[in-house]
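One structure below.
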Amino acid sequence: MRMLMLFTAAISTIVGFLGGPTFAFAWGDEGHEVVCQIAYMELSPAARQRVDGLIAEDTEFKEFPKSCTWPDHPRQRASEHFLNVERSASEVTSGQPCGTAAKCVVTAIVNDTRDLASSPDGSDALRLLKSLGHWVGDIHQPMHVSFSDDRGGNKVSVTGPCDSNMHSVWDTCILQETIGEDAKTVAVDLRSEVTQQERADWSAGDVTFDTVVGWANESLDVSRTPDVGYCIRKGDVCQYDDNRVVYEDGQQTRSVMVDEAYLQRQSDRVRTRLKMAGVRLGAVLEKVFGEGDQVTAAASLRDFSLRRVVEARTALTPNAIPRLRNLTLAPTATGMQSAGPSKEDEIDALLARVKELEAELMAMKSR
């Protein structure tokens, strides 16, 4: 594990030296797999089959959770993994969600959700599925909604068990040191903690442009919280340190003590952000894959509404595109009752439970 931390830190240093992407990898591979495993377990059997059908076409990944690491290996659409705000900003605004940049993680989520919802069985659907899963993980990592001058915490060094930088602490160290190192085990455990009220609070209703901006603001609130130690609050400004508003290349980096107490203190925040990301991604994918065949795209980015897009689904002829929904189990002809759950509902419920038990069994075997 220590070697992994050192490797992550080395990559961050190299990236910064080359002037490449502003941020290191969000959550690390494990965190992204946790988010997408939770999302997958949240799906109905019908939606899972459609996701499985797309992943079956992939030449590299055999499981959806693993595929969510794809935009990091190699780094793709570098500017869309994060968003930067001014140090005086207390919120991300809908008017300028990416600041002065043309693209960021907010626009990536909205664009890819819109495009995937427009053609959930189209030729580009696999790429969109993998990238969308990644972006939703990214926006829930607090260091990905932060400041450009310190590269989202890559220029804030730390001492203690993590032995790297602030970005890496939130990418991997808190997760691995306090929650677990096996993505499937962690996902099963975290999902078991989610209540129905939390699901409703996190993902009920429509998904709009403002919804995604709200997710970004949650991360910004965490990154600006004083006990996180990422910045020093001076009035409305989140300074680099007591004497410098911003970090400038070539200056000495400040150091934060990230000891066991810090890791335990921030563990609940990481758990919550991972659970939120997984539940929300699952809700988006359920709307895209679980409610019909085809949709019409929104007219513009800020007009996006997943509910309106899904409601605008059009009827297709049977041979128009491959329809993975046809793979769902049909109800049996006998034993149907006019009241109560149908055989198809019972089968779907059993399949969902089987999936959960399979995940739990794999987690137990890995312990």
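Database remark: amide H of R254 closer than 5 angstrom to the amide H of S157 (H placed geometrically; neighbours at sequence offset of 5 or more, or on other chains; Pro and chain starts carry no H).
Across segment 106-113, computed HN-Hα scalar couplings (Karplus, 6.51 cos²θ - 1.76 cosθ + 1.60, θ = phi - 60°) run 5, 5, 4, 5, 5, 4, 6, 5 Hz from first to last residue, x flagging Gly and Pro.
Taken as Cα centroids, segment 123-169 and segment 245-280 sit 10 Å apart, rounded to the nearest whole angstrom.
Accessible-area rank, largest first, for D189, D241: D189, D241, with all protein chains present and a 1.4 angstrom probe. Counting only the backbone N, which residues of segment 140-157 are under 11 Å from the spot 7 Å out from the Cα of I232 toward its beta-carbon? No residues fall inside that zone.
Surface composition of segment 145-213: carbon plus sulfur atoms contribute 41% of the solvent-accessible area (1.4 Å probe, protein chains only, all chains present). Accessible surface computed residue by residue for segment 160-281, with neighbouring protein chains in place and a 1.4 Å probe, gives 40 Å² per residue.
Put simply, the amide H of V245, placed in the peptide plane, has neighbours under 5 Å in Y240, leaving out anything fewer than 5 places away on its chain. Among the listed pairs K103/K130; K66/K130; K184/K275; K66/K103, those whose Cα-Cα separation exceeds 20 Å are K66/K103. For segment 225-272, carbon and sulfur atoms together expose 45% of the accessible surface, with a 1.4 angstrom probe and every protein chain in place. For K234, the aspartates and glutamates whose Cα falls under 19 Å of its own Cα, not counting residues fewer than eight places away in the same chain, are E86, E91, D149, D150, D221, D242, E248.
If you filter segment 31-78 for trypsin sites (Lys or Arg not before Pro), then keep DSSP loop positions with at most 14 other Cβ within 10 Å, what is left? Don't skip to the end; give the middle numbers.
Values: sites: R48, R50, K62, K66, R75, R77; in loops: K62, R77.
Answer by residue number: K62.
Which loop-located GluC sites (Glu not before Pro) does segment 169-207 contain, where loop means any DSSP state but H, G, I, E or B and the Cβ has at most 15 other Cβ atoms within 10 Å? Before the final figure, lay out each step's value.
Numbers: sites: E177, E181, E193, E198; in loops: E181.
Taking segment 169-207 and a limit of 15 other Cβ atoms within 10 Å, the loop GluC sites (Glu not before Pro) found are E181.
The values are calculated or read from the model by the stated rules, or taken from the named source; none is laboratory data. Keep in mind it's a predicted model, so treat the numbers as computed, not measured. Here Cβ is always computed from backbone atoms with ideal geometry, including for glycine, and neighbour counts include all displayed protein chains. Areas reflect the complete protein model, heavy atoms only, side chains present, ligands, DNA and RNA absent. Shrake-Rupley method; radii C 1.70, N 1.55, O 1.52, S 1.80 Å.
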